[in-house]
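Worksheet for the structure shown next.
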Amino acid sequence: MLGFLGNVLMRELRTIDDLFDAVVPKDHQHSGNLTTLGNARSELEVTRILNEIASQNTSFDPASSFAGAGFYHRVIPAAVREIVWRGEWTTPYTPYQPEVSQGILATLFDFQSLMATLSGMKAVNAGLYHGANALVEGALMACRLTKRDKIIVSDAVNPVAIRNLETYFKPKGLELVRAKTKNGVTEPGSVEELVDEKTAAVIVQNPNVWGLIDGMDGQAVAAHSKGALYIVYGGGDQVSLGSLLPPADYGADVYAAEGQHFGVPTGFGGPHVGVLGIADERNVRQLPGRLVLQAQDINGKRAWRLGLQTREQHIRRESATSNTCTSESLIAVMSAVYLAVMGKHGFSEASSQSYHVAHYLAKEVSQIPGFELLHPGQLFFNEFAVRTPQPAHEIVNMLAGQGILAGVPVARAFPYASLDGNVLLVAATEANNSKAHLDRFIGGLREHGRQ
């Protein structure tokens with residue numbers, strides 16, 4: 001985003017509105033004055049007003065929430081919050097003075113190691129802004145490594161991530177080409193047709209935006225046949241790595257993912273952490289973001305340091321590999337603590353429960369008159385798309401009145417992608433393992449589907 005703003009600022013802008021018009025769509029801009037609080041108020045009055053505003057929010061029992069589309073409700077052990085909310089974690093912003101930040105550096109090293117284990121990558125950084133940002137940085141890294149300027153991205157990648165790619169690529173003059181899908185997954189033939197000697201990378205999401213297993217049947221071979229890199233984007237629930245092969249095992253050269261899936265509560269858009277790793281450690285100097293490495297102190301004991309810092313804006317500025325330097329260290333720590341507390345068995349169990357609950361739901365929902373799976377017969381992990389007998393957002397609104405968050409209407413979630421208004425994206429995790437809550441959701445769909 002900083003690079004895009006820099007490009008905008010090179011044009012003549014006469015007012016602050018000109019700047020906003022360049023980067024914020026008109027329909028998202030506020031017109032008029034911000035008058036919520038009015039004139040000066042006492043602390044008590046401000047607190048009362050804010051509480052009244054907050055009371056308008058609707059909260060859902062996680063067991064009755066079936067929303068996903070890239071962000072998922074998880075069962076997060078209480079120990080995670082108790083550990084992460086300690087002052088030792090919440091007060092350090094970023095370890096610019098590593099010699100006095102050994103604790104957080106050690107934990108960030110654990111984060112890198114855990115993500116490398118799950119993905120099969122040889123090197124993973126200490127976190128970026130969020131998943132879509134990590135994907136952009138992975139694509140830009142591929143362009144630097146191959147000295148090419150064309151990226152192929154599957155149509156089954158989350159539209160939000162594709163919009164992020166477009167935002168970065170346009171001012172840089174890089175080419176973004178869309179690969180077609182068939183029955184919800186990336187068509188290998190489309191990748192083979194598009195990839196050429198100008199292609200820097202091919203991007204496929206797994207699980208993809210529809211929740212389907214994708215990118216494991218020849219796309220890597222097609223990319224590598226022309227010297228391009230293969231990037232797997234973890235925009236779908238990455239707890240799937242407790243059940244599926246790691247991306248490195250089916251040819252990924254770069255793994256970019258959203259870290260919210262690893263024990264981070266859902267919020268109003270964040271905060272999140274992006275994961276970015278590479279399969280070839282020889283390319284580590286092109287890996288953007290912070291990298292924590294092991295070292296020795298003057299007494300020969302194991303210590304930690306920030307390595308290869310010349311890649312960052314705070315060291316080299318315009319020569320850096322990335323200008324995205326916002327620290328998400330606390331969220332990376334949260335993910336590391338979650339994985340450590342869950343352990344191998346607990347993480348695998350969460351993955352297994354997510355799979356089985358979702359498949360139970362898919363079977364039951366597909367038997368309701370008027371509802372049908374959008375991609376019948378396709379393999380999916382814990383998320384699936386359903387065609388609804390009436391606009392999906394109407395069903396969601398009706399069930400919300402019963403305390404059920406029925407899913408994500410894709411046309412509302414991705415309005416710029418021109419998707420069908422009668423498609424509902426339904427996700428399930430281990431938080432939905434109550435049969436009573438599942439049957440209540442199914443009953444609600446059956447009732448409102450007739451209306």
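The values are calculated or read from the model by the stated rules, or taken from the named source; none is laboratory data. All values reported here derive from a predicted model rather than from experimental measurement. Cβ sites come from the backbone with ideal geometry, for glycine too, and all protein chains shown count toward neighbours.
Pick from segment 331-388 the residues that are without any contact (Cβ under 8 Å) to a residue 24 or more places away in the chain and among the polar types (S, T, N, Q): which of them is surrounded by the fewest Cβ atoms within 10 Å (Cβ to Cβ)? This residue is GLN367.
For every residue, the table says whether it meets (1) in contact with a His (Cβ under 8 Å, 6 or more places away or on another chain); (2) closer than 14 Å to PHE111 by Cα; (3) assigned to a strand (DSSP E or B).
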{"site": "LEU245", "(1), (2), (3)": "no, no, no"}
{"site": "ALA252", "(1), (2), (3)": "no, no, no"}
{"site": "GLY263", "(1), (2), (3)": "no, yes, no"}
{"site": "GLY269", "(1), (2), (3)": "no, no, no"}
{"site": "ASN283", "(1), (2), (3)": "no, no, no"}
{"site": "GLY289", "(1), (2), (3)": "no, yes, no"}
{"site": "LEU293", "(1), (2), (3)": "no, yes, yes"}
{"site": "THR324", "(1), (2), (3)": "no, no, no"}
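The rows are residues; the columns are (1) more than 30 Å from VAL408 (Cβ to Cβ); (2) aromatic (Phe, Trp, Tyr); (3) more than 29 Å from the chain's Cα centre (by Cα).
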site: VAL24; (1), (2), (3): no, no, no
site: THR47; (1), (2), (3): yes, no, yes
site: PHE60; (1), (2), (3): no, yes, no
site: ALA63; (1), (2), (3): no, no, no
site: ALA69; (1), (2), (3): no, no, no
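On the stretch given as segment 25-52, residues that are under 30 Å from TYR416 (Cα atoms) and surrounded by 10 or more Cβ atoms within 10 Å (Cβ to Cβ) total 1.
Could you name every one of the helices (runs of 4 or more DSSP H) located completely within segment 27-142 that has at least 2 residues being outside the structural domain of ALA161 (by TED's automatic domain parsing) and charged (D, E, K, R)? Can you show your working first?
Numbers: elements: 43-54, 78-84, 87-90, 102-119.
Counting at least 2 such residues, we get 43-54.
In the set (1) of a type in the set (Val, Ile, Thr); (2) at pLDDT below 90; (3) within 30 Å of ALA303 (Cβ to Cβ), the condition left unmet by VAL84 is number (2).
Check SER190, SER240 and return the single one that is small (Gly, Ala, Ser) and touching a Pro at 6+ places or on another chain (Cβ under 7 Å). Talk me through it step by step, then tell me what you get.
Values: SER190 fails: touching a Pro at 6+ places or on another chain (Cβ under 7 Å).
Just a single option satisfies the conditions, and that option is SER240.
I'm trying to understand the selection: among the residues of segment 188-217, which are in contact with a Lys or Arg (Cβ under 7 Å, 6 or more places away or on another chain) and among the hydrophobic types (A, V, I, L, M, F, W, C)? Full working, then the answer.
Our first condition is that a residue be in contact with a Lys or Arg (Cβ under 7 Å, 6 or more places away or on another chain); within segment 188-217, this holds for 190, 195-200.
Those that are in contact with a Lys or Arg (Cβ under 7 Å, 6 or more places away or on another chain) and among the hydrophobic types (A, V, I, L, M, F, W, C): VAL195, ALA200.
Which number in (1) in contact with a strand residue (DSSP E or B) (Cβ under 8 Å, 6 or more places away or on another chain); (2) surrounded by fewer than 18 Cβ atoms within 10 Å (Cβ to Cβ); (3) under 22 Å from VAL160 (Cα atoms) marks the one condition that ARG412 misses? Evaluating ARG412 over (1) in contact with a strand residue (DSSP E or B) (Cβ under 8 Å, 6 or more places away or on another chain); (2) surrounded by fewer than 18 Cβ atoms within 10 Å (Cβ to Cβ); (3) under 22 Å from VAL160 (Cα atoms) leaves (1) as the failure.
If the condition is being crowded, with 24+ Cβ neighbours inside 10 Å and at pLDDT 95 or above, then segment 242-263 contributes PRO247, ALA252, ASP253, VAL254, TYR255, ALA256, ALA257, GLU258, GLY259, GLN260, HIS261, PHE262. Regarding GLY403, is this residue touching a strand residue (DSSP E or B) at 6+ places or on another chain (Cβ under 9 Å) and modelled with pLDDT under 95? Criteria not met by GLY403.
Hey, can you tell me all the residues within segment 185-226 that are in a loop (DSSP other than H, G, I, E, B) and either buried (at least 23 other Cβ atoms within 10 Å of the Cβ) or outside the structural domain of VAL254 (by TED's automatic domain parsing) (or both)?
Within segment 185-226, the first condition is being in a loop (DSSP other than H, G, I, E, B), and the residues that meet it are 187, 195-198, 206-211, 213-218, 226.
VAL195, ASN206, PRO207, ASN208, VAL209, TRP210, GLY211, ASP214, GLY215, listed by residue number.
Considering segment 170-189 alone, what residues qualify as being at pLDDT 95 or above and closer than 19 Å to ALA142 by Cβ? Listed by number, the residues that qualify are LEU174, GLU175, LEU176, VAL177, ARG178, ALA179, THR186.
For first residues located in segment 139-161 and in contact (Cβ under 8 Å) with a residue 12 or more places away in the chain and among the small types (Gly, Ala, Ser), partners that are crowded, with 24+ Cβ neighbours inside 10 Å and in a helix (DSSP H, G or I) and lie 6+ apart or on another chain with Cβ distances below 9 Å form the pairs SER154/VAL191; SER154/GLN219; ALA161/GLY131; ALA161/ALA132; ALA161/LEU135; ALA161/VAL136.
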